[in-house]
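Structure record follows, encoded as C-alpha cells.
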Protein chains: 2
Amino acid sequence: MGRKTTITDVARAAGVSKGLVSFALNDRPGVSPDTRDRILDVARELDYRPSLSARSLSTRTSYALGLVIARDPEILGADPFFPSFIAGVERVLSAEGRALVLSVVGDDAHEQTVYRTFASDARVDGMFLTDLRHDDPRIPLLQSLGMPAVTLGDPDARHAARASADDAGRTAHPYPSVVLDDTAGVVELAHHLAGLGHRRIAHVIGPRRMMHATRRDAAFAGALAEAGCPAPIVVETDFTAAEGAAATGRLLDLAEPPTAIVFGNDPMAIAGIGIAHERGLQVPRELSVAGFDDSELARYVFPSVTSVRSDPLVWGEQAARTLLQLIATGASDDVELPPARLVTRASTGPAPTP
Amino acid sequence: MGRKTTITDVARAAGVSKGLVSFALNDRPGVSPDTRDRILDVARELDYRPSLSARSLSTRTSYALGLVIARDPEILGADPFFPSFIAGVERVLSAEGRALVLSVVGDDAHEQTVYRTFASDARVDGMFLTDLRHDDPRIPLLQSLGMPAVTLGDPDARHAARASADDAGRTAHPYPSVVLDDTAGVVELAHHLAGLGHRRIAHVIGPRRMMHATRRDAAFAGALAEAGCPAPIVVETDFTAAEGAAATGRLLDLAEPPTAIVFGNDPMAIAGIGIAHERGLQVPRELSVAGFDDSELARYVFPSVTSVRSDPLVWGEQAARTLLQLIATGASDDVELPPARLVTRASTGPAPTP
DNA sequence: GAGCCAAACTATACCGGTTTAGTCGTCCCC
DNA sequence: GGGGACGACTAAACCGGTATAGTTTGGCTC
C-alpha cells in the first residue's frame, strides 16, 4: 500500500509549487481563484490530509488542549462533574479538529511536573484550569511557561472585591475566565431551607483550598444570616462519599443535630441520606438533605435529592470556545454563564417540630 | 527570554555534530563513552528537552495513546468505570512521558470519523478499545488503518468457543486483549442469590450489542440453571440510572415480581433501590438488589449495595502497559487479570417467604 | 515603448529532530 | 609496511509542512 499523500504529491499533480498549495489550503491571498480551485480539487481527489506533526513543527502549534485533573481517581469516579465537563469540551474541539489531552494526577508535586511537561513539550496549545484554588500556584506557573489558559470561575474572587470600596483596584487576572455563578443557587437553597423553618443547618463543603468551596460557604452563610438564621455548622471534606457519610454521622451525633444538611456534591448527599436511613431517620421528615450539581442519580434515589444545577456540559463547551479564541486571537473576554439554579425535590421538607 | 535549547545548541556546546548528540541521547552504539558522557552532561546543563513535534515528524510517532468513548455524556457521568480506568491508564503513561488523547462521542457515525482522524493525523500511536461489541466494526476499521490497539476483554468470545469442539479453529484476533473475567463474579452472585432462596430473579443488563452485557447474561443464566433456578427475566437498558429505574418499575409491576434484581452497574442498582423504597418495599427483606463494578457510592447508600468488584484502575494500568509493549515490540501477549469477585453487602438477603 | 507595480507563482530556507552515507584515523595481521 | 576492518565521528538528506525572498507576467501610465 502506498504512502500517505503529502503536499508535494498534491503540488506535482496540480502542476504548481508546494508553497502555493500551502497558500491555497490555508486560504491566504496570492493565489488566483482558478488555481486555488484546481488545487483544492486535486487535494480532495487525492484525499490529501496535511500531516499534523509537520504542521506542528513549523507552526509551533500542537492543535490540542490540555486538562489536568488533580483528584484522587476514586473521587473522580464518584463525581459526575468531570465526565460531563469533558464531554462539553469535546463537543467543541472535535468540530475544530482539535484533541483533548488529559492527565489525572494524585498529588500536587506531580501536578506541577505535568504542567511543565505539557508546556515544554508543547504538547498542548492551552490549558483548562479547573478546581481553582486560592492564590492558585498554577496561574503564575502557566504564565511563566507562556501557556494560554482559561479558568473555570474567577481567580480574583470578585465576589469578595465587590464588597470592598475599590473594585477597580483588584488585580487583573492574566487569563480569561468562564464563570458560572454557583452562589445564586446556594442562596436560593438557603432561602428554601429557611422558608421551610430550618434553623440548625449544616454545610458539608469540599476542600477549603478550592475557591468554590469557600465561595459557596460564604454565600450560604450570608444568605442564612440575611434570612435571620444562625450560622451553619460547616464541615470540610475531600468530596468523597466516604467523608460525606462520616461527616453526616458526626453531625447526627451532636447534642443538637442539624435538621438540614447541605452537601457540596450529590454523591456526598446520597451517602448522607444513606447514613440517615441507616439510623432510622426519615428524610425529609426528620432530616432535610440537599446536594450540588444535580447529577442524574439525584433524580432516582429515594427520596430524590434537592440539588443545585450547575451545567458542566455547557461550562465545558464555553470554556473550550473561550480558550480557542484566546489562542487564535491572543485575547478573549470573560464569559458569564447563566447562574446555577435550585432544583427542589423530595429530600427537603419542613423542619421537624421539636 | 531565549529560545528553547535545541539539539544544535547542545551539539555546538559539546563541540560535536548534532547527529552524534542524537545518537548519544538515544543511547545507540557508535559513541565513545567519554563523548557520550560529555554530551549528556552538556544536555543536562542546558536543560535540553527534545522537541516532541520534531521527533514526531521524523519518527512518525506521536507519543500519545487514544481512547474514544462512545457513550452519552449523561451516562458517562453516572458510571464511575471510565474515570477510574483513565486514572489507571494515566498512571502508566505519565511515567513514560506519553499522553492520553481522549474523545467522547455520542453517535456511532461520529465515532468512525474520530478513529479515522486519529489515524490519518497520526495523532496517537495506538488505541484502547473499550465496551467491545459483537463483531466489533472498530477492529477491522483500525486494522485497515494500520493502527495498533488493545481490547478490553476478548473479542473472540472465547468463553463460547470453549464449549465448542474445535477450540483451535477460532479466528485469531489481531489485537492483544486484557481480560478481566467478570463472569466469575456474576456466577458467584447467582449462587449467592440461589443460596438465599431466590427463584424469581431479574437481570437488568446493559446494551445487548456490547459483549459484556450478553456475556454476563449468559454466565448468570447458566449459573442459575446449574443451581436449579428458573431462567432470569432479562431487561435490556442503556446503562443510565433512568432506564434502571424504569426497568425496576416494570419488573415490580409484574403479576409475579422478582424477589431479586441484578443490575449491570451500580448507578442502576442504586436507582432500583430508590424505586423500591418509593413503593414502600424494604430492601432486602422484600426485594434483594445487586449492582456491578463496586463503585465507592455502593458502600454508602442504604442499604449498602452487594456488587461485583471489577477493578477498572488495574485494568487501565494493564491495558496501557500492554499497548505500549505492542507498539514498542510489534507483539504482545494477552493478559488475564484476577477475576471479578462478589462483594456481599446489605442489599441482598433471604428471599421473602410467600 | 520604457518604466513601474502588483499579482501570481517558484525556489528555497526554515522548524528540530533522526538516519544514512561517507570520512578519518588506528589497530591488526600477514 | 600495505591493506582491510572497525570504531568514532561529520555532513547532509530527510520527515512534511510553513514562510520568505525572489522571479516572472501582465497591465497600466506617461
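The values are calculated or read from the model by the stated rules, or taken from the named source; none is laboratory data. Everything quoted here is computed from the prediction, not taken from an experiment. With ideal geometry, Cβ positions are generated from the backbone for all residues, glycine too; neighbour counts draw on all protein chains shown. The accessibility values were calculated without ligands, DNA or RNA, using every heavy atom of the protein model including side chains. Shrake-Rupley method; radii C 1.70, N 1.55, O 1.52, S 1.80 Å.
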## Note on the structure
Rounded to whole angstrom, the alpha-carbon centroid of segment A:77-120 lies from that of segment B:71-110 at a distance of 10
### Query
How far is helix A:312-329 tilted off the main Cα axis of chain A, in degrees rounded to 10, range 0 to 90?
40
### Message
If R₀ is 25 angstrom, what is the calculated FRET efficiency for the pair residue B:107 and residue B:253, using the beta carbon separation as r and rounding to 0.05?
### Response
0.20
### Task
Among the lysines, select those whose C-alpha is under 28 Å from the C-alpha of residue B:4, and discard any that sit fewer than 8 residues away in the same chain.
B:18
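Given a 1.4 Å probe and no ligands, DNA or RNA in the count, how much accessible surface is buried by B and A, both sides, to the nearest 100 Å²? Before the final figure, lay out the partial values.
Numbers: alone 17070 and 17050 Å², together 29730 Å².
The contact between A and B buries close to 4400 Å².
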### Query
Are there trypsin sites (Lys or Arg not before Pro) in segment A:4-71 that DSSP puts in a loop and that have at most 15 other Cβ atoms within 10 Å, and which ones?
A:4, A:60
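Assign one of three labels to the protein assembly as shown, namely rounded, prolate or oblate, based on the Cα gyration tensor with a ≥ b ≥ c the square roots of its eigenvalues; rounded applies when a/c is under 1.5, prolate when it is not and a/b is larger than b/c, and oblate otherwise. The partial results should precede the final answer.
Numbers: a/c = 2.09, a/b = 1.32, b/c = 1.59.
It is oblate, given that a/c is not under 1.5 and a/b is not larger than b/c.
Loop-only trypsin sites (Lys or Arg not before Pro) in segment A:263-354, please: DSSP not H, G, I, E or B, and at most 15 other Cβ atoms within 10 Å. Before the final figure, lay out each step's value.
Details: sites: A:279, A:285, A:299, A:309, A:321, A:341, A:345; in loops: A:279, A:285, A:345.
Here the sparse-neighbourhood loop sites are A:279, A:285.
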### Message
Need the per-residue list for segment B:77-92: every residue with at least 30 Å² less accessible surface in the complex of protein chains than in the chain by itself, probe 1.4 Å, sorted by number.
### Response
B:77, B:83, B:87, B:90
### Query
Projected onto the charge dipole of chain A (+1 at Lys/Arg Cβ, -1 at Asp/Glu Cβ, origin at the Cα centre), which of A:205, A:326, A:228 gives the Cα projection farthest towards the positive end?
A:326
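Let me spell out the model: positive unit charges on the Cβ of Lys and Arg, negative unit charges on the Cβ of Asp and Glu, origin at the Cα centre of segment A:249-305. What dipole size does that give, in debye rounded to 20? Write out the running numbers ahead of the final one.
Numbers: 4 positive and 8 negative charges, 29 e Å.
In debye, rounded to 20, segment A:249-305 gives about 140.
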### Task
For the protein assembly as shown, give the share of DSSP beta bridges that are antiparallel, in percent and rounded to the nearest 5; count only bridges with both residues there.
15
### Task
Could you tell me how many degrees, from 0 to 90 and to the nearest 10, lie between the Cα long axis of helix B:211-226 and the main elongation axis, the longest principal axis, of the Cα atoms of chain B?
40
### Task
With a Förster radius of 30 Å, plug the Cβ-Cβ distance of residue A:60 and residue B:173 into 1/(1 + (r/R0)^6) and report the FRET value to the nearest 0.05.
0.15
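Percent of accessible area on the protein assembly as shown owned by carbon and sulfur, 1.4 Å probe? Write out the running numbers ahead of the final one.
Values: 15540 of 29730 Å².
Summing carbon and sulfur atoms, their accessible area is 52 percent of the total for the protein assembly as shown.
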#### Entry: chain A: angle of helix A:241-253 to the longest principal axis, Cα-based, in degrees nearest 10
20
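Per residue, how much accessible surface does chain A expose to a 1.4 Å probe? Answer in Å², no decimals.
Values: 14850 Å² over 354 residues.
That works out to 42 Å² for each residue.
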### Task
Identify which of B:93, B:20, B:323 has the largest mean-square fluctuation in a Gaussian network model of chain B, with springs joining Cα atoms closer than 10 Å.
B:20
